[in-house]
Every structure is written in structure tokens, then in C-alpha cells.
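For reference, the structure discussed in these notes is given below.
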Amino acid sequence: MEINIKTLEQVTVVELTGDIDSKSAPDAQAQILPLIQPNCKVVLDMSRLEYMSSAGLRMMLSMHRQATGNKGQLVLVGLSEEISDTMSATGFLNFFTIQDTVEAGLVALK
Amino acid sequence: MERIDIYPTHLYQGYKLRPGRPYPFGATLVPGGVNFSVFSRHASYCVLVLFERGKASPMVEIPFRGMFQKAETDEPVWGEFRIGNVFSMTVFDLDYEDIEYGFRMDGPYPKTERGQPGQHRFDPSKILMDPYAKAIGGREVWGQTPDWNGLYHHRARLVYDDFDWEGDRPLEIPMEDLIIYEMHVRSFTRHPSSGVKRPGTFAAMREKIPYLKELGVNCVELMPIYEFDEFENSHIHPDTGELLMNYWGYSTVGFFAPKAGYAATGKSKDGTQVADELKTLIKELHRHGIEIILDVVFNHTAEGNEYGPTISFRGIDNVTYYMLTPGEGYYYNFSGTGNTLNCNNPIVRSMVLDCLRYWAAEYHIDGFRFDLAAILGRDPSGAPLPNPPLLETLAFDPILGKCKLIAEAWDAGGLYQVGSFPAYGRWAEWNGKYRDDVRKFLKGDMGLAGGMAQRLEGSPDLYAWGSRGPTASINFITCHDGFTLYDLVAYNGKHNEANGENNNDGGNDNHSWNCGWEGLSTDPAVNELRCRQMKNAIAMLIVSQGVPMILSGDEMGQTQSGNNNAYCHDTELSWLNWTQLEANADLFRFFKNCIAFRNAHPVLRSKTHFRNQDYVGSGYADITWHGPQAWNADWSDTNRTLAFMLCGKHAKGGTVVDNTIYVTMNMHWETLPFDLPGLRDGMQWHVFVNTSAPSPEDSWQPGSEPLLEDQSRFLVGSRSVVILVGK
């Protein structure tokens, strides 16, 4: 998988591309977790994510916990129906703030 | 501190290994790798077979004994990874998400051929599923035709068991307060009318929790959800062309794995997601105050008889896992399905215990209903034991200490233990006697007053002698076996032609009555009577002491077209048709009011049997029996009526004050006047239920019951139940 990190309007936008599974999740987590600093604002753009395994779901939950612990804000955007369904069925969706697009995510973090 | 044993000692074809830990059995994620551990007392040789997920051929086969290389020096070294009768090894650097595993085993010869009896059935050409597999692939998309030539059908997978329960724990609702809803996960939402996104799945069931809340039940009992093979014995019906399947799933492939085909996430081939989906359902049910009981099938497995497939147990240790005839080694068949699990063998007993502990601890399951549980009290030769170790072990187990344990207290070998199941103060029973007596009384059979009095009191004739109390009795009129409630009042006989056995399967002792016409009717009088009889049935059920169980769909008049054994139909015959909710709205409303009434009145939910005396000084005994004449029940052989009064001041053994409740049941075809017992302290009778009144006056929301005009007499309609509240 690929990770692309940029800053828009003082919000960290993390673009994920490809698959998050047990092979890629540890690296992804190592790159993303340090971004979740106290009072951070992070948008996770998942519109180019093709597949998320249970390891990916766990990585997401770790990020959520770190954000909550650091009083940061984390918004997921661009979930495909497939990934949204998987996250819903497995109970992970309810933890997160979800928006359709990066723009909507930025608005939500204002 | 890091452990000092997280390093390989051996190499095999590039895979890094070290001797494993024999306990726990199964595949366990350990630092750096996976520990595999499998029991076999009689295997002489064992090989771990690893697959990449979904691949037809293994990626490696690692023997538990043989020549390896030293990890540090590559020098050849002999190794054996076995302690006692347990083969165990740790394999490092495996991708837990992406592997499937199995075993090959060999053992004493001569080899037993398929179809022949034999003590041992070792066959190293077969890949065997781990009996402790926590997730199982191969049938992960329901109904998808398998590759019959596949090397390994039911494929053991790993589960990451770190689910976030958010503080959830089993609810521990007192047994006497339970109202059970028996249901099939797929049938509940598979019908197009269910309106859910992923029909037939755990996720879909979660979408329907608001419906369960509206109905008012506080416990769901799921028909089997352990991994089973819907294609077991599947075949085409010669006349209808329908694919007949193992739809209900009373035939276990793996006891530790949820049925992947019931998960919306099953298609991902990710065992952890399947587990997460089921756990999410359980967490949400608990959040809404609903317990979950699993119907578990420990009496036999999916491996069938001498002709059955080798999936796991028979290839691992046939003589340990199955009851066999001495000498020849035919499978005993107390289950009626080909084999019988040897559940009082100490190894098998431990497996059952490990399994239930796992489900209670890891899945927060609130209780278990044991299919054909009488088998669990048989010794390895099939003889009933006076003090069955398995049943005692489960009753006293600390982890299962608050779980409901419910027995189907009979088996297919003729052992019938309703009222005598070894209970150890814990076990409840499906009360078959309740079902039969209520059905007979409901259809107007004579002389049932005495039997009905016992059933309504929680069957003290069956349970008081063992100090078991009313909660030993799971009261039900219908369950998955037999007619639905609608069919009970619409068919005199079973109509099982669709099962492809010339209507020879299914029970014949249905005690049903069609109300004057066999099957669907356009006669308004017939349909009105059927609706009334269904209301009579649920009314009797909710005023009975003990634990009521409702069959899913009965609340909306679900029919199976007279089929009383619909185990094989993945069709509209089985699927709950949600359009009936509107069509039979008055029946649904009646069910809701009845359930709310039971929940509102502790006097209906006693933990102990009645004493038939006034022990609180209210002027009335806790229960009194009546007939058309107050204070004078008719116990004669020609009687079809019964009435009783529950004194509200005796609720919960006199510790709670409730209203007084009076129930009259007139199963005669004529309307009969019933004198009403007088109330004290200015209390007056109010009408909660009158099944002969047209909806919505057939029932009232608890608390809104209208005052009865004539406080001394009630004209009870033909085949009708009236429930009054004194307040």
C-alpha cells in the first residue's frame, strides 16, 4: 500500500492507497501514529483504499484511541461501500466520524 | 522484559520452528509465530500442513518428527515435537491472516476402507481440520457450490481475539425473568421483505434488534451457528428440482468456529472479521438488554457413519471421539444421524468444556441449549450413566457458572429424561410434556385440567421432587422441530412431501387441529378461529410459571405449509416473511401486549413453586384453582375448562407486591359463564385479555386495562382465554 501525507488548511490529510492487511498494517501504523499528536486534526482519505483486512481494522482503532487520548480529531473520508460495510458489520464504524469527501472532512474539523 | 524463548531452534524447508507448547490445544498466536497443538492418542505420525489462504495445494508440510536443520548452524538434526499424546510446534514468521492449516496423521493398520467398520480410521492421504479451529473456511459464502475434488474442504484459520467489548459482559438476567425467542440466523432476514442490506447474516440480525425490542423478548436462542456444511447430504428433490440442504445446521463441522456463511464478512475469507461480526451482534444485543443462547450440537458430528467424509475427528482419533461397537467398530447411532460423539470420554469431555468456556469467555454467550442432551449422559458404550461426568463438569464449571444450561432431555436412541435429567441444581429442560399437554388442551381434548394445572405451575410434578423450581422448565408450544404456531391450528397432519421422503419424516404426534379445513382457508370463520387459537396459545404460555420460549415468526403467523420438519429448505418455506407483520398486525399486537404483561407482573415469574397456601396473610393462597364456578375447579375427565388466580401479594415468594391475576380458559366450543372470585381491599377486576373480543379489544397495554362492568361473572367465549387483573 502507499501512504501520502500532506497538510491542507492546517489539517493533516493522509491518503491511503491499495490494501491494508497484516502485511502492510504495521508499516502504515508506524507512519501514521506519530501524526496523531495532542490536539491534532487528521483526515484519513480512504477513497483509494481497495481492501481492509481485520489487521487494517485494528490499525484504524489504534489510531482512533491515540486521537482520543491526545484530544485530537480524526475524520475518515471516501469510504467505499465495501469498506464501509465491512467496518459496519465488524463494529468498527461506530467509533469514527465519517465524511464523504476530503472537503467535507476539512469542514467537519473547522 | 522480552521472553527468552522467542527464537527458532529448527529449520524445515526454510521455515523456522521450535518445539511447541502442548497447551492450549489448537493454533495460538504467540510472540513471533503460531503455536500449533493437536491431540491424538493413537496416531503414530503427524504432519502440520500449511496453506496460503484459499490455495488448493499446501505451501509446506512440516512433520512433527524427523530430520530438521539446526536453526543456527544448518546442521542436520533429529527432532520430535510431541509431549505425551500431543503434537505441538511453534512456527515463526507466519502471516496469521493469510494461512490455513491442517494435519495429516497415520496410525495403526490395517487401514479401514470407506464403508467398512473399524476402530481406527487413519488415512494420511487426508488433510484433517483442527478440532479446535477458531475459524473455518471453505464454506464462507453460503450456498456457493464447493469444489468437490478439493484436497481440503473445511480449512482451519486463525483468529485475532482482541475484540473491543467496550465493557460488555453477559447480562445474567434471572432465569425466571427470561422470555426466549428461538430463531434461525438465516431465516430471520433472508426473505426479500426483511428490508436489510445483507440478508441472512449476523449483521442483518443486528439491524433487526429494534424489532426484537418492540416485540419485548429479552433472549434470543440461535439455532446452530457453529461451522457446519450446508452441502452435507445435499441433493436435488426428484419432483420439485429444489436443492435440499443441511439448512438448519444440526451437524457440527467445528465446535469453536462461527458459521462463516452466516457472516456478511465471510466472503473476505478473514476469520477474524467473521468473529468480530458475531461479537458485534452480541455486544449490540446486550446493549439492548437481550441475552443470547446458542443451540449447540455435541451429540454427533458432520462426519456421518462408515460412509461419511473424513473431516477431522475420525482421522485424528476415531476411537476417542466416537462411540463404537466393541470389536468391529461400527458407529453407534444414538443421534439418528450416523455417529455419536463419545462425550463421556475424558478427552472429549475436556473438548466440550474448552469449547463452552471459549464461547462464554470470548463471545460473551449467555447460555447454551444442548441438542439431544440425553446423549451427553451416556457412557462410551451408550449406557445411561447415573452421574454423567460431562453434565456434572459443566454444571460446576467456574467459567460457565452464570450461563444458562438447557437440555433437550431426550435422544434418538430412546432415552427420554424430561423431569429426570441430571440437573445438579443448574440444568433446565425443554419441557416436552408442557408442549403436549397445552396443545391437547388447546384443541379441546378432554380431561386435561389436571395436567394443565401442573404445566401452568411450572410442572412441579416433574421438577419439585428434585428441588429444581419452575425455572427448570422451558415452556414452549412450538419450536423449530414441528409445526409453527399457525400450522398447529391449520393442519391436522404433516405435509412433508417437499422433504423428498414421501412424507415419512417428521413427527406424527403433533396434537394439532386445523379448525375445520386442512391448510390455507378463505373461510372467515375458520380464519377467525385460527387467529383466536394462536392468541389462546400465547396467552397460556405467558401466564405459565417457568421460562417461556416463542418460535420466531409465530408472532406474525408464519407458515411452513404444514411441513413439520423443514430442516432442508433454504427457500421461502423457511424464511420469515415480514409482510405478514402487516397482514397479521392484530396477532403481532397481541403478542407484544402478552410479553409486556409478563414483564410487568412478577407474580407470573416465580423462582419457586407455589405452596398452595396463604403464607403472607393476604386471605388468598398463592394460587387457587377455579372453574365456571369460582373456588371449584372441575378436574373431571370430561372437562375442557380451567381457571386460576394468582395472589399478587405472594409475588416472588411474598417479597414483591403485584396485582392479582385471574385467568380463565374455556376450550369448550360453547360460550360459558365463569363466576369471578371476589377481591378484597376495594380492588376490582380489569380486563387484560379476552381472545374472543375483536382486535383491538382482545388485549390491552399493561396498565391501561379497562374496568370490568360485572365484577361477579364473565361470559367466556367458546375456545377463548380471558385474563383479568385485580387492582
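The values are calculated or read from the model by the stated rules, or taken from the named source; none is laboratory data. Just so we're clear, the structure is a prediction, and the values are computed from it rather than from any experiment. Here the Cβ is made from the backbone with ideal geometry for all residues, glycine too, and neighbour counts use every protein chain on show.
Before moving on, here are some points about what is shown:
- Evaluation of B:Ala596 against (1) touching a Gly at 6+ places or on another chain (Cβ under 7 Å); (2) over 23 Å from B:Pro470 (Cβ atoms) (one fails), failing number: (2)
- Selected residue (only one of B:Trp517, B:Trp513 is in contact (Cβ under 8 Å) with a residue 40 or more places away in the chain and within 30 Å of B:His237 (Cβ to Cβ)): B:Trp513
- Residue in the range B:552-564 that is of a type in the set (A, V, I, L, M, F, W, C), within 23 Å of the chain's Cα centre (by Cα), surrounded by fewer than 21 Cβ atoms within 10 Å (Cβ to Cβ) and over 25 Å from B:Ala472 (Cα atoms) present: no
- Filtering the range B:521-537 to residues that are without any contact (Cβ under 8 Å) to a residue 60 or more places away in the chain, of a type in the set (A, V, I, L, M, F, W, C) and closer than 18 Å to B:Gly482 by Cα leaves only B:Met534.
- Among residues of the range B:135-149, those that are part of a loop (DSSP other than H, G, I, E, B) and either farther than 23 Å from A:Thr90 by Cβ or within 14 Å of chain A (Cβ to nearest Cβ) (or both), counted: 6
- Listing of strands (runs of 3 or more DSSP E) fully contained in the range A:27-110 that carry 3 or more residues being hydrophobic (A, V, I, L, M, F, W, C): A:41-52, A:73-77
- B:Arg41 being in a loop (DSSP other than H, G, I, E, B), charged (D, E, K, R) and in contact with a strand residue (DSSP E or B) (Cβ under 6 Å, 6 or more places away or on another chain): no
- When we screen B:Tyr160, B:Tyr132, B:Tyr152 for residues that are in a loop (DSSP other than H, G, I, E, B), out of contact with any helix residue (DSSP H, G or I) (no Cβ under 9 Å at 6 or more places or on another chain) and within 20 Å of B:Gly271 (Cβ to Cβ), the only hit is B:Tyr152.
- Unmet criterion (only one of (1) surrounded by fewer than 20 Cβ atoms within 10 Å (Cβ to Cβ); (2) in a loop (DSSP other than H, G, I, E, B); (3) among the hydroxyl-bearing types (Ser, Thr, Tyr)) for B:Ser350: (2)
- Checked against (1) under 26 Å from B:Thr201 (Cα atoms); (2) touching a Leu at 6+ places or on another chain (Cβ under 7 Å); (3) more than 14 Å from every other protein chain (Cβ to nearest Cβ), A:Leu79 passes all but a single condition, namely (2).
- Criterion violated by B:Ala263 - all others in (1) more than 8 Å from chain A (Cβ to nearest Cβ); (2) farther than 19 Å from B:Tyr96 by Cα satisfied: (1)
- Unmet requirement for B:Phe590, which otherwise passes all of (1) crowded, with 19+ Cβ neighbours inside 10 Å; (2) within 30 Å of B:Thr337 (Cα to Cα): (2)
- If only residues of the range B:50-94 that are more than 40 Å from the chain's Cα centre (by Cα) and on the phi > 0 side of the Ramachandran plot are counted, the one that is nearest to the other protein chains (Cβ to nearest Cβ) is B:Asp74.
Condition check ((1) of a type in the set (Phe, Trp, Tyr); (2) closer than 25 Å to B:Ile595 by Cβ; (3) without any contact (Cβ under 8 Å) to a residue 24 or more places away in the chain) across all residues:
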position	(1), (2), (3)
B:Asn632	no, no, yes
B:Trp685	yes, yes, no
B:Trp700	yes, yes, no
B:Gly703	no, yes, no
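- Residues in the range B:256-293 that are outside any helix (DSSP H, G or I) and surrounded by fewer than 23 Cβ atoms within 10 Å (Cβ to Cβ): B:Lys269, B:His288, B:Gly289, B:Ile290, B:Ile292.
- In the range A:82-109, the residues that are more than 14 Å from chain B (Cβ to nearest Cβ) and either in contact (Cβ under 8 Å) with a residue 24 or more places away in the chain or surrounded by 15 or more Cβ atoms within 10 Å (Cβ to Cβ) (or both): A:Thr97, A:Ile98, A:Gln99, A:Thr101, A:Val102, A:Ala104, A:Gly105, A:Leu106, A:Ala108, A:Leu109
- For the range B:122-162, the set of residues classified as of a type in the set (A, V, I, L, M, F, W, C), in contact with a Ser or Thr (Cβ under 8 Å, 6 or more places away or on another chain) and surrounded by fewer than 23 Cβ atoms within 10 Å (Cβ to Cβ) consists of B:Leu151 only.
- Those strands (runs of 3 or more DSSP E) lying entirely in the range B:644-727 with at least 3 residues within 34 Å of the chain's Cα centre (by Cα) and outside the structural domain of B:Lys440 (by TED's automatic domain parsing): B:660-666, B:685-690, B:720-726
- Subset of the range B:504-522 (residues that are of a type outside the set (Gly, Ala, Ser), surrounded by 12 or more Cβ atoms within 10 Å (Cβ to Cβ) and out of contact with any Lys or Arg (no Cβ under 8 Å at 6 or more places or on another chain)): B:Asp505, B:Asn514, B:Trp517, B:Glu518, B:Leu520
- Within this structure, B:Leu29 fails the test of being in contact (Cβ under 8 Å) with a residue 40 or more places away in the chain and either in contact with a Gly (Cβ under 8 Å, 6 or more places away or on another chain) or closer than 14 Å to B:Tyr152 by Cβ (or both).
- Only one of B:Asp164, B:Asp147 that is within 26 Å of B:Gly289 (Cβ to Cβ) and not assigned by TED's automatic domain parsing to the domain that holds B:Thr301: B:Asp164
- Filter result for A:Lys71 (more than 21 Å from B:Gly266 (Cβ to Cβ) and out of contact with any Pro (no Cβ under 7 Å at 6 or more places or on another chain)): no
For (1) at pLDDT 95 or above; (2) within 19 Å of B:Thr112 (Cα to Cα); (3) assigned by TED's automatic domain parsing to the domain that holds B:Phe122; (4) not basic (Lys, Arg), each residue gets a yes or a no:
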{"position": "B:Glu303", "(1), (2), (3), (4)": "yes, yes, no, yes"}
{"position": "B:Ser312", "(1), (2), (3), (4)": "yes, yes, no, yes"}
{"position": "B:Val319", "(1), (2), (3), (4)": "yes, yes, no, yes"}
{"position": "B:Asn339", "(1), (2), (3), (4)": "yes, yes, no, yes"}
{"position": "B:Asn344", "(1), (2), (3), (4)": "no, no, no, yes"}
{"position": "B:Val348", "(1), (2), (3), (4)": "yes, no, no, yes"}
{"position": "B:Leu353", "(1), (2), (3), (4)": "yes, no, no, yes"}
{"position": "B:Ala361", "(1), (2), (3), (4)": "yes, no, no, yes"}
{"position": "B:Ile365", "(1), (2), (3), (4)": "yes, no, no, yes"}
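- Leading residue by the ranking (farthest from the other protein chains (Cβ to nearest Cβ)) among those in the range A:38-76 that are among the hydroxyl-bearing types (Ser, Thr, Tyr) and surrounded by fewer than 21 Cβ atoms within 10 Å (Cβ to Cβ): A:Ser47
- Qualifying positions in the range B:454-490 - among the hydroxyl-bearing types (Ser, Thr, Tyr) and either part of a strand (DSSP E or B) or at pLDDT 95 or above (or both): B:Ser459, B:Tyr463, B:Thr471, B:Ser473, B:Thr478, B:Thr484, B:Tyr486
- Residue match in the range B:172-180 (condition: in a helix (DSSP H, G or I), more than 22 Å from B:Arg357 (Cβ to Cβ), away from chain A (no Cβ under 14 Å) and in contact with a strand residue (DSSP E or B) (Cβ under 8 Å, 6 or more places away or on another chain)): yes
- Flag if B:Glu97 is more than 34 Å from the chain's Cα centre (by Cα) and part of a loop (DSSP other than H, G, I, E, B): no
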